[in-house]
Every structure is written in C-alpha cells, then in structure tokens.
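Trainee: Provided herewith is a single structure, encoded as structure tokens, for subsequent inquiry.
The values are calculated or read from the model by the stated rules, or taken from the named source; none is laboratory data. Predicted model, so just to flag it, every value in this text is computed and none were measured. Here the Cβ positions follow ideal geometry from the backbone for every residue, glycine too, while neighbour counts run over all protein chains shown. Protein only, heavy atoms only, side chains kept; ligands, DNA and RNA dropped before computing areas. Shrake-Rupley method; radii C 1.70, N 1.55, O 1.52, S 1.80 Å.
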Amino acid sequence: MRIPKPYRHPNAASGCHDTPVFTHTAAVAAEALRAGQLVALPTETVYGLGADATNADALARLYAVKGRPTDHPSIVHVADVEEARAGWASAWPESAELLAEAFWPGPLTIILPAGARPDPAALGDTGTVALRVPDCDLTREAIRLSGTGIAAPSANRFGRVSPTTAQHVLDDLGTDVDLILDGGPCSVGVESTIVDLTGPAPRVLRPGAITAQMLETALGTTLSTSLETAPRAPGTLAAHYAPRLTVVLVDDIASAIAKTETRIALVADASDPRLSPVPAQIVALLDTGTSSESYAERLYALLREADDSGANSIVAVLPPPGVVGDAVRDRLTRAAAGA
Ligand code: TXA
Ligand code: MG
C-alpha cells in the first residue's frame, strides 16, 4: 500500500485514535521496536510480527509468540536499498542490485549469505539472510526511525492464515503482541515472492506477485527450477496457511455447484450468473472479485470469514494460472493440504 505523505490514517477524521494496542504513528512503533517489543507492521503483502533483528531477547519472544520452531528463519525488513547493502548480507551481487532496482520497495524477498548485523536467532542457523524492503511508507518510516532491521514473519500463529488487517492480527495474537501499527488493509494480500541468490542460479522458493518471468526479465538470465538443495522454508511446507475448516479446491464454478456436501462456504467470483440464485447448499458466498489480483487481495480475509460462517467446509474455485494467480493457487493448495 502506498500511503501519501504526510501520513493520515483514513479513519482519522472519524475520531480514530491510538489505543494501548493500535497506533497509526511510525515514531511510536519505532520506539517500541527499539525497546525490544513485538510490533505488528503493515506491508503491501500481509502484516508482519516485527522484532529488532539484532536483539536476541526480542527474537526469542517473537518465536515463542508465533509458535515457530527456532530453526526456521525470518525475513529481515529494511528501510531502503542502501540499508540492505549495509552489513545485513555478507555479499551484494549484481543480481541483488538488479532485483532491488526493479522491484523494491515491493513484494520480493532476496536471500543472500548473511552478514554480521542480524542476530543468528533471526536466521535459523541457515547462514543466509532473507531481505525485503516493503512497499508501505508507514512501515518503512517506522523501520528507518528504529535504526535497525526488523525480523518479521507473518503476524499469525505458525501454520495458520496470514493477517491482512490490523484486526486480524489482534484476533490471532491478542495481548501477545505489544503494539499494532495500523496501516489499513494490505493491497497485494499474499506473501512476497522469495528468490534465493545463494545457489549457482537464482531460484524461486515461494511464488508471489513478482513472477519468475518478471525476475528473469530483470536479471536477463534463466532461473533454476531445481529444488534439490532448496533451503528449509516453512512457507513451502505442504500444509500451511490453513483455515480451521477443510478446504476443497475446484477448477470452475460448475464443479463447485455440483458438490453434494451440505453447508458449503464457497470462495468464488460472486458475479457469475450461475450463482444467482445461490444454490441451497452454499451457506456463505465469499466474493473473490473477477481478477486474480482481487482474489489475492481478499484471499486470507475470505478464508477467515469462511471459518466463522457456520459452514461445514470451504470450497474454493481456483483462479487461472499466471501472474498472481499462481501465488493464490500455491497458498490454496497448501491450505487444502490441511493444518
Ligand atoms: O510478504 C512477506 O514475505 C511477509 C511480510 C510480513 O513481509 N512475510 C512472511 O514471512 O511471509 P514468513 O516468515 O511468514 O515467511 C517467510 C518465509 C518462510 O517460509 C521462511 O522459512 C523463509 O521465508 N525464509 C526466511 N529467511 C530465509 C532464509 N534465510 N533462507 C530460506 N528461507 C527463508
Ligand atoms: Mg507466514
């Protein structure tokens, strides 16, 4: 999300104000981060649960709250490209420069050999660091004012659906989070593309809004598709991003309508004429909009709504492959693999 400066939260006019949990002010978030607190931060993809990436105590708490095994690395978020080059990684190859120039700030995470600055607790003993400059002015300002890099996994409990609003974070983490920087809903909606630059050829570890083809164009080279020596990445586990209900995937609305299960929450383009009237077995119709982009933006909120709808199961119509559709298909496939 791009927030015009000077920053003014859209709710400000209607009496929105900071609370002990929510803030709309980058400086307040930065101060809490410097003090070693856990601060949820908005990004264009999903909300992250942030901690100072140089503070071992803060990182220990981050992993405990997230419920994440300590050997799983976290992405280190930095304020800008210059900061990314400043000791977080031990090398800054030409390929990193090209990708940073083309896609930062933006939904791309770059894995490099680790430098001296990140605490090893942020890196899960990988010896590598994942760096990202998020495309959210408010969060980049908070990171800049904190004077450090911020380790931030998605602000959900391990294995569950990622949060795309400040309220989702509060629903998931409650008082385990010290502060939530509220930047409104996330615009991309699915996590960043992760590209690993530590191997013989660049390789995508997680699809996102930046596609392999976009990376190849920026790099002028072909990506490796070998996953043989792929590093451990929980976001690439078969079962991840899971709502509470069972998820069943279908390729089109006709197959969804043909389902004989009772009490279905259907995730689909609600403007499709075959859904009016809504078939009786569908107790909740969760609208993806007509594009893969709108599907991605709404995906996690829709899965949360489905969980709360009183349905017995979720049926999701997959978006077509290509662009961000691939990332949505990836996340839904993992959600369907179960918790
Ligand atoms: O869009 C995003 O990437 C969001 C926002 C908050 O920036 N973050 C996010 O973090 O999705 P998380 O922790 O939920 O997923 C990050 C993925 C994990 O699968 C992790 O294993 C992988 O990145 N990862 C982080 N550091 C890594 C490293 N050094 N080597 C390999 N994989 C790494
Ligand atoms: Mg995650």
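Trainee: What percentages, rounded to whole numbers, describe P(r) for the chain computed over all alpha carbon pairs with 10 Å bin width beginning at zero?
Mentor: Per 10 Å bin, starting at 0, the Cα pair percentages come out as 6, 26, 33, 24, 9, 1, 0.
Trainee: Given a 1.4 Å probe, how much area per residue of the chain is accessible, in Å²? Provide the component values of the computation, followed by the final result.
Mentor: Working: 13770 Å² over 339 residues.
Ligands and nucleic acids excluded, the figure is 41 Å² per residue.
Trainee: While we're on this one: Given H placed 1.01 Å from N in the peptide plane, which residues other than close sequence neighbours of residue 50 have an amide H under 5 Å from its amide H?
Mentor: Residues meeting the amide H criterion: 39, 40, 41.
Trainee: What is the set of long-range amide H partners of residue 242 at a cut-off below 5 Å, with H atoms built 1.01 Å from backbone N?
Mentor: Excluding prolines and chain starts, which carry no amide H, the hits are 160, 161.
Trainee: May I ask for the longest run of the chain untouched by trypsin sites (Lys or Arg not before Pro) that are loop-located per DSSP and have at most 12 neighbouring C-beta atoms (other than their own) within 10 Å? Working shown, then result.
Mentor: Working: sites that count: 2, 8.
With a cap of 12 other Cβ atoms within 10 Å, the longest stretch comes to 9-339.
Trainee: With both partners inside the chain, how many of the DSSP beta bridges are antiparallel, as a percent to the nearest 5? It would help to have the intermediate numbers written out before the result.
Mentor: Working: 16 of 42 bridges.
Bridges in the chain that DSSP calls antiparallel: roughly 40 percent.
Trainee: Could you check how much of the accessible area of segment 97-151 is carbon and sulfur, as a whole percent, using a 1.4 Å probe?
Mentor: Carbon plus sulfur share of accessible area: 51 percent.
Trainee: Which FRET efficiency value, to the nearest 0.05, do you get for residue 157 and residue 261 by plugging their Cβ-Cβ distance into 1/(1 + (r/R0)^6) with R0 = 41 Å?
Mentor: Details: r = 27 Å, r/R0 = 0.67.
So the FRET efficiency works out to roughly 0.90.
Trainee: Apply the Karplus parameterisation 6.51 cos²θ - 1.76 cosθ + 1.60, with θ equal to phi minus 60°, to every residue of segment 255-266 and state each ³J(HN,Hα) to the nearest whole Hz, in sequence, with x for glycine and proline.
Mentor: 5, 5, 5, 6, 4, 9, 4, 9, 6, 9, 9, 9
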